[in-house]
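Shown next, in structure tokens, is the structure this report addresses.
Rule-based calculations on the coordinates, nothing more; no lab input. Since this is a predicted model, take the numbers as computed values, not measurements. Here the Cβ is made from the backbone with ideal geometry for all residues, glycine too, and neighbour counts use every protein chain on show.
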Amino acid sequence: MSSADSKSNAPVIRCESVYKVFGDNAARMMRESNGVVDAEKFQQAGCIVGVDNASFEVFPGELLIIMGLSGSGKSTLLRCISRLTQATAGKIYIEGADILSMSNKQLIELRRSKMGMVFQSFALLPHKTVLENIAFPLQVKGVSLNDSILRASEMIDLVGLSGRQNYFPRQLSGGQQQRVGIARSLAIEPDIWFLDEPFSALDPLIRKEMQDEFLRLQSVLSKTILFVTHDFDEALRLADRIAIMKDGVIEQLDTPANIVLNPATEYVRKFTGEVPREKVLKIESVMDDDIPVSVDGSLTVPKDAIVETVAEAVLNSTAPVPVTDSGGNIVGSVRASRVVSMLFGGRAAQSSAQSS
């Protein structure tokens, strides 16, 4: 997956001050608010603010995870962007086109040609086989029977279900059913992929397996993805960037490393408080830009290495360890003291100061 920082292309998705307010008085309250939404006042008027002034962009090939606790507005925001739910105010652009001004016919064509969707509920047709379930949306689009079966067969191989194409959903495990749902969504070759809690109903072992499979698929297909989850560990593992929501507001939108190292609000800090940083952060997050004066070549670490995998070697080194890029060029150095500070959040330094 590629970081949004390196992208120079135009955004695939752009949201500008998107609001979703539920309630009979929503339109009137929005008109009277003059762009300043007070959630408490709206609630007193019988309204609920589901999404509050969401503005952000998603770039080609990026995997943006929207996360938060139940009721935070994450699924509502996703449904607004796909226009399964009508936003109350704001602008939403897909590849430069304003989807809020589209007719139903235009919207249906956009979904058929550009969007894939996977939800927590697999929604497989129980009377159809794996192959038939995957081929079904293609046939709805008007693809011939032979071509749809051929494409469905390719998807079955892609998600690792070879040999099960003639099984019915009841004959599959939860993880296998989820793979069918993913294959069915991918069969139409969407440019944009919306996933809403796709793995939350699975047990931990199957969930880890599906995350591995998802990462593999994304490395091959490089889709532009909005992925909703309430699981911070899942978000850290999968995301290029993470948007953390609370009460409809995006509290912080940043890379996993920056969210862990520099939480923008107290709410975000609570999310990151128990995160094992060494399992999440890369060496580039703790390296210095200075190049070591002398390098003997005995030890270097790549900048994209997860800290946990190289921490022992760095901590055992008495000198700064050179950090290399993908081409083997030295781009900085990392010191044991920086790794200790990152691991313990400055507590080690405080302890040392108190004892001296």
Inset, instruction - Would you grab the residues whose amide H sits under 5 Å from the one on Gly50? Only those 5+ places off in sequence or on another chain, please, with H modelled 1.01 Å from N. - result: Lys20, Val21, Phe22
Legend entry - Contact order relative to length of the chain, as percent, for alpha carbon pairs under 8 angstrom and 6 or more apart: 17 percent
Legend entry - Residue-by-residue Karplus 3J(HN,Hα) for segment 52-68, coefficients 6.51, -1.76, 1.60, Hz, glycine and proline x: 10, 6, 8, 9, 5, 10, 10, 9, x, x, 8, 10, 9, 9, 9, 9, x
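Arranged by the count of other C-beta atoms within 10 angstrom, fewest first, what order do Glu16, Glu197 take?
On the way: Glu16 15, Glu197 19.
Ranked by crowding around the Cβ, least crowded first: Glu16, Glu197.
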Legend entry - Residues whose placed amide H lies under 5 Å from that of Thr85, excluding near-sequence neighbours: Cys80
Legend entry - Calculated Rg and Dmax of the Cα atoms in Å (choose from (i) 20.3, 62; (ii) 29.2, 89; (iii) 23.4, 78), label: (iii)
Legend entry - Long-range amide H partners of Val334 with built H, under 5 Å: Asp288, Val321, Val323
Legend entry - Within segment 4-274, percent of DSSP bridges classed antiparallel, to nearest 5: 50 percent
Inset, instruction - Take Cys15, Cys80 and order them by how many other Cβ atoms sit within 10 Å, fewest up front. - result: Cys15, Cys80
Inset, instruction - Please turn the phi angles of segment 216-225 into ³J(HN,Hα) values with the Karplus equation 6.51 cos²θ - 1.76 cosθ + 1.60 (θ = phi - 60°), one per residue in order, whole Hz, x for glycine and proline. - result: 5, 4, 5, 5, 8, 9, 6, 7, 8, 10
Legend entry - Exposure proxy order (Cβ contacts within 10 Å, fewest to most) of His230, His127: His127, His230
